Amino acid sequence: MRVGVGREQCDGERRVAATPETVHELAALGLEIFVERGAGAQAGYPDEAFKEAGAAITAELVLESVDVLLHVRPFTPDAAASLRPGTITIGFASPGSELPTVRALAEAGVTSFAMELIPRISRAQSMDALSSQSLVSGYRAVLEAAVRYPRFFPLYMTAAGTIPPARVLVLGAGVAGLQAIGTAKRLGARVSANDVRAASADEVASMGGTFINLDLDAAAEGPGGYARELGEDRAQRQRGLLAPHVAATDVLITTAAIPGRAAPLLVTTDMVAGMRAGSVVVDLAAESGGNVEGIIAGQDVQLPVVGGFVTLVGMKDAASAMPSDASRLYARNVSNLLALMTADGRATPDFDDEVISGACLTCDGTVRHPATAAALA
Ligand code: NAD
């Protein structure tokens with residue numbers, strides 16, 4: 001079977017859906033791999049390395065000629081419509097927001113697998129691209145903050161005086177938040193964090209952070225261990241209780257998300273106005289509406305406060321900013337899913353497997369993912 005890996009078409013996307021390492025493994029399964037010229041160039045994987053691993057390099061990837069297509073970003077509706085019936089696609093599909101593409105995939109008879117839909121179960125951890133890319137984003141968010149923060153993160157006791165450690169507050173302690181806590185700790189900051197899930201207190205402590213218990217009555221936990229949206233009353237109460245913690249912090253990293261919903265608003269402009277000049281706020285949820293009022297995805301905004309300003313950083317394409325390792329992890333997630341459905345050199349998905357059926361978005365002309373099918377009805 002012919003497996004294609006194209007150059008990503010989305011502006012600013014530097015990742016690639018395969019690496020020489022995964023090409024080698026997929027070729028060993030009897031698959032033929034075709035990599036579009038330059039597909040891995042921005043991630044640090046040159047054509048030569050793909051060739052040595054067993055791939056054929058093509059000037060242009062002809063979509064109709066491949067049986068399986070590996071990708072990072074969702075297709076455009078036009079690209080989806082140009083696929084041959086029966087083509088298998090594996091990659092991020094953003095089913096919550098890219099409904100025209102989902103419709104086009106179904107109408108084209110494509111069997112599409114969305115990496116966002118991989119079940120969050122132990123057996124599927126090696127395919128969990130949301131986790132692997134959140135790991136990269138959480139790490140990167142702290143570095144973005146550190147380069148903008150006009151002071152040190154660690155404590156320094158020097159002959160010229162003592163410099164206190166930076167205080168870092170992380171709101172949302174899921175995969176990205178926990179990585180942010182670990183990274184800020186490694187840089188020597190004093191880190192605290194809050195989340196609405198019951199399990200998060202222990203997880204924050206295991207990364208060396210101090211959990212801030214807001215006493216919000218009950219943990220807001222929904223299906224699959226994800227957070228549930230707070231009602232407006234509790235959301236307001238949460239903001240009120242967070243305000244003094246935000247005012248006392250030097251660096252604020254926000255990562256809070258609710259699957260399928262806009263990001264919850266955790267920090268208002270008034271709360272930012274209480275921070276001291278020079279403080280930095282990095283919002284990893286900026287692309288889905290933002291946890292911080294006034295945030296703009298892909299931009300820095302300087303909010304005037306007494307004595308200077310606070311820098312608001314709207315993170316965009318955070319994982320793509322570290323394309324080499326982000327691709328290494330992502331390509332492994334994708335290749336593990338493809339390997340799970342491959343036998344004797346052929347990809348033949350077994351829909352009795354809960355990982356395969358859970359990740360399937362479209363098949364045989366229909367949208368198989370119930371929530372997306374309902375949104376399109
Ligand atoms: P996510 O990206 O959907 O959300 C990020 C975090 O924001 C979550 O921890 C969530 O609780 C938090 N949040 C939402 N609303 C909030 C609010 N109002 N205030 C503060 N925080 C808020 O989540 P994620 O990082 O993808 O992971 C969510 C859960 O899935 C976690 O329990 C994680 O441990 C679990 N998980 C399990 C597996 C697995 O078993 N294979 C893999 C990855 C993650």
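The values are calculated or read from the model by the stated rules, or taken from the named source; none is laboratory data. Every value quoted in this text rests on a predicted model; they were computed, and no experiment measured them. Here Cβ is always computed from backbone atoms with ideal geometry, including for glycine, and neighbour counts include all displayed protein chains.
Things worth noting here:
- When the residues of segment 30-85 are filtered to those that are charged (D, E, K, R) and part of a helix (DSSP H, G or I), the one that is surrounded by the most Cβ atoms within 10 Å (Cβ to Cβ) is Asp47.
- Those helices (runs of 4 or more DSSP H) of segment 286-377 in which at least 3 residues are closer than 18 Å to Met127 by Cα, considering only elements entirely within it, cover 323-340, 354-359.
- Within the set Pro46, Pro85, the sole residue that is without any contact (Cβ under 8 Å) to a residue 12 or more places away in the chain and not basic (Lys, Arg) turns out to be Pro46.
- Considering the conditions (1) touching a Lys or Arg at 6+ places or on another chain (Cβ under 7 Å); (2) away from the ligand (no atom under 11 Å from the Cβ); (3) within 21 Å of Ala285 (Cα to Cα), Ala220 is excluded by exactly one of them, (2).
- For Thr183: the one exception among (1) in a loop (DSSP other than H, G, I, E, B); (2) of a type in the set (S, T, N, Q); (3) out of contact with any strand residue (DSSP E or B) (no Cβ under 9 Å at 6 or more places or on another chain): (1)
- Odd one out for Ala173 among (1) part of a loop (DSSP other than H, G, I, E, B); (2) modelled with pLDDT of 90 or more; (3) touching a Pro at 6+ places or on another chain (Cβ under 9 Å): (3)
- Only residues that are under 22 Å from Pro244 (Cα atoms) and either within 11 Å of the ligand (Cβ to nearest atom) or among the polar types (S, T, N, Q) (or both) were counted in segment 128-173, giving 4.
- Sole residue being surrounded by 15 or more Cβ atoms within 10 Å (Cβ to Cβ) and at pLDDT 95 or above, chosen from Thr269, Thr249: Thr249
- Answer residue from segment 45-77, given it is touching a Lys or Arg at 6+ places or on another chain (Cβ under 9 Å) and polar (S, T, N, Q) and is nearest to Gly12 (Cα to Cα) among those: Thr58
- Complete set of residues in segment 86-105 that are surrounded by 15 or more Cβ atoms within 10 Å (Cβ to Cβ) and more than 24 Å from Arg261 (Cβ to Cβ): Thr87, Ile88, Thr89, Ile90, Ala104
- In summary, helices (runs of 4 or more DSSP H) completely within segment 197-278 and bearing 3 or more residues that are farther than 27 Å from Pro164 by Cα occur at 232-247.
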